[in-house]
């Protein structure tokens, strides 16, 4: 049995391939329900032996394909959000480019130190997500009850505060990816003028994809040698299947259970990275 698990598959041992496939599948399922699937795939890639920067870059590219289905599902809401979408997309793209280049240009040791801190931040977003969503829902309900008179669709002006915060979320997403959707929902829920939660979620999905695309393009152009295409293939294939399955059965799974899995896997990855830092690896 041990010999079988140690068999070479695509340059990895079989047990490593199985873990990465399971992580990608689970991430795709999670993303269709609550998001933050990167907090499963990234720590798993690190745990099976990929260097942190290689894991981050390969993971970001692998998860791009799964992002298109979410955008397609929100095409009506995105069309209704046309008044603000171009301005916010520019902010996300600029932030994503800056974040991606920070990852590419800074020494790998910097990311090795920053990643554990960012994992803690991202896990905090995931844990606090239910409270954040409840607060945003209450604010949205107050609007609909006429307490605050706002348009039915997202509308201009886009405040400088909203633009800067979306830009900073793009920097975060281009550098680390994980939980940027949760961060964007909090920003849009507070500062977006008009629209409903569905519109905010649609805009969040679009902006997250924009950041992931520009980051992936930057990696392809300027960090091609740091991409592990085996990891990209495994994550892309399994996350797309997971997304399809999650769309069908995801709502039957308790978001609390999914959130617990994210936290457990994220903490395991955090321990792995801290041990690597302590060992000097």
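The values are calculated or read from the model by the stated rules, or taken from the named source; none is laboratory data. Predicted model, so just to flag it, every value in this text is computed and none were measured. FYI the Cβ positions are ideal-geometry reconstructions off the backbone, even for glycines, and counts take in every protein chain you see.
Taking helices (runs of 4 or more DSSP H) as the structural unit, those lying wholly within the range 10-108 and holding at least 3 residues that are under 18 Å from residue 220 (Cβ atoms) correspond to 52-62, 64-73, 85-105.
Residue pairs whose Cβ atoms lie under 8 Å apart, sitting 6 or more positions apart in sequence or on different chains, and linking a residue in the range 192-218 that is free of Cβ contacts under 8 Å to residues at least 24 places away in the same chain to a partner that is buried (at least 18 other Cβ atoms within 10 Å of the Cβ) and in a helix (DSSP H, G or I), are 204/181; 204/184; 204/185; 204/188. Of the set (1) crowded, with 22+ Cβ neighbours inside 10 Å; (2) modelled with pLDDT under 80, all apply to residue 197 but (1). Filtering the range 210-235 to residues that are surrounded by 20 or more Cβ atoms within 10 Å (Cβ to Cβ) and in a helix (DSSP H, G or I) leaves 210, 211, 212, 214, 215, 216, 218, 219, 231, 232, 234, 235. Within the range 158-201, the residues that satisfy the criterion of being over 14 Å from the mean Cα position of the chain (by Cα) and farther than 19 Å from residue 138 by Cα are 158, 159, 160, 161, 162, 163, 164, 165, 166, 167, 168. One residue alone among 242, 269 is under 20 Å from residue 126 (Cβ atoms), part of a helix (DSSP H, G or I) and either modelled with pLDDT of 75 or more or touching a strand residue (DSSP E or B) at 6+ places or on another chain (Cβ under 7 Å) (or both), and that residue is 242.
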